[in-house]
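Asker: Submitted below is the structure of interest, expressed as structure tokens.
The values are calculated or read from the model by the stated rules, or taken from the named source; none is laboratory data. Computed from a prediction, not measured in an experiment: that's the story for all the values here. Cβ coordinates were reconstructed from backbone atoms using ideal geometry, including for glycine residues, and neighbour counts include every protein chain displayed. Ligands, DNA and RNA are stripped out before the accessible areas are found, and what is left, the full protein with its side chains, is counted by its heavy atoms. Shrake-Rupley method; radii C 1.70, N 1.55, O 1.52, S 1.80 Å.
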Amino acid sequence: GSLKYYGENYYAPLDFTYFLSATDSYSGVERIEYSINGSPFVEFIEAFTLDSEGSHTISYKALDMAGNWEEEKSIIIIVDDATPATPTVLTGSQINFQVSLSWNQNSESDPLGYNVYRDGAKINTKLIGSTKNYPDLIMSGKTYIYNVTAVDRVGNESPFSDPISITT
């Protein structure tokens, strides 16, 4: 997964790896130190992960070769490893060669959007925001199976909704 920025916060999956770097064009960088959630500062040697869900504060600062510390900075990361709930009550109607799909909106505070699958393959190119009247053009004389998934801010995707079948 990747680090995402929404509103005023950064969001990351549990397996995200953090790496710190600094530059100093005068004397060079001697070291970088960091602290997680107020723990004592330690030298940054190798990439690290955050080991639990929730809000974490990473503070960091660099020391140049001349002995000058930069001002301490910090960032808040909200780690999210939870899969969104499976969307419910997927319904579909058909007029001629157009299907219109609707489903219940998820109740989580962080769903970003939805994916629609036809016969097991995702058919939307970007996440869908609305849960009402998603259109799909179909051909005559076939049966199509649809499912919907919910996707959160860090890309966690729910299991497939219960399927619906539409036959033209």
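Asker: Checking the conditions here, which among SER100, SER93 is part of a strand (DSSP E or B) and free of Cβ contacts under 8 Å to residues at least 24 places away in the same chain?
Answerer: Numbers: SER100 fails: free of Cβ contacts under 8 Å to residues at least 24 places away in the same chain.
Only one candidate qualifies: SER93.
Asker: Restricting attention to the range 65-88, and to residues there that are acidic (Asp, Glu) and touching a residue at least 12 places away in the same chain (Cβ under 8 Å), which single residue is least open to solvent (accessible area, probe 1.4 Å)? Write out each step before concluding.
Answerer: Here is the first cut: in the range 65-88, the ones acidic (Asp, Glu) are 70-72, 80-81.
Okay, now just the ones that are also touching a residue at least 12 places away in the same chain (Cβ under 8 Å), so 70, 72, 80-81.
Working: GLU70: 67, GLU72: 99, ASP80: 19, ASP81: 77 Å².
Selected residue: ASP80.
Asker: Could I ask something else about it? So TYR117 ticks every box in (1) free of Cβ contacts under 8 Å to residues at least 12 places away in the same chain; (2) open to solvent by less than 60 Å² (accessible area, probe 1.4 Å) but one. Which box is left unticked?
Answerer: So TYR117 meets the others, but not (1).
Asker: Any chance the range 122-139 includes a residue that's in contact with a Pro (Cβ under 9 Å, 6 or more places away or on another chain) and surrounded by 16 or more Cβ atoms within 10 Å (Cβ to Cβ)?
Answerer: yes
Asker: Next question. Just checking, how many residues over the range 70-90 are part of a loop (DSSP other than H, G, I, E, B) and over 13 Å from PRO159 (Cα atoms)?
Answerer: Count: 7.
Asker: Looking at the range 5-18 only, could you name the residues that are open to solvent by less than 60 Å² (accessible area, probe 1.4 Å) and either among the charged types (D, E, K, R) or at pLDDT 95 or above (or both)? Reasoning before the result, please.
Answerer: Taking the range 5-18 first, the residues open to solvent by less than 60 Å² (accessible area, probe 1.4 Å) are 9, 11-14, 16, 18.
Once the filter is applied, which keeps residues that are open to solvent by less than 60 Å² (accessible area, probe 1.4 Å) and either among the charged types (D, E, K, R) or at pLDDT 95 or above (or both), the range 5-18 yields only TYR18.
Asker: Still on this structure, please answer the following. If you scan the range 143-168, which residues turn out to be farther than 16 Å from ALA121 by Cα and in a loop (DSSP other than H, G, I, E, B)?
Answerer: Going through the range 143-168, the residues farther than 16 Å from ALA121 by Cα turn out to be 152-156, 167-168.
Matches in the range 143-168: ARG153, VAL154, GLY155, ASN156, THR168.
Asker: What pairs come up if the first residue lies in the range 1-28 and is within 20 Å of GLU71 (Cβ to Cβ) and touching a residue at least 40 places away in the same chain (Cβ under 8 Å), the second is acidic (Asp, Glu) and not in a strand (DSSP E or B), and their beta carbons are under 9 Å apart, counting only those six or more places apart or on different chains?
Answerer: ALA22/GLU70; ASP24/GLU70
Asker: Here is a follow-up. Give the residue, chosen from SER39, SER59, SER21, that is among the small types (Gly, Ala, Ser), open to solvent by 60 Å² or more (accessible area, probe 1.4 Å) and modelled with pLDDT of 95 or more.
Answerer: Numbers: SER39 fails: open to solvent by 60 Å² or more (accessible area, probe 1.4 Å); SER59 fails: open to solvent by 60 Å² or more (accessible area, probe 1.4 Å).
Result of the check over SER39, SER59, SER21: SER21.
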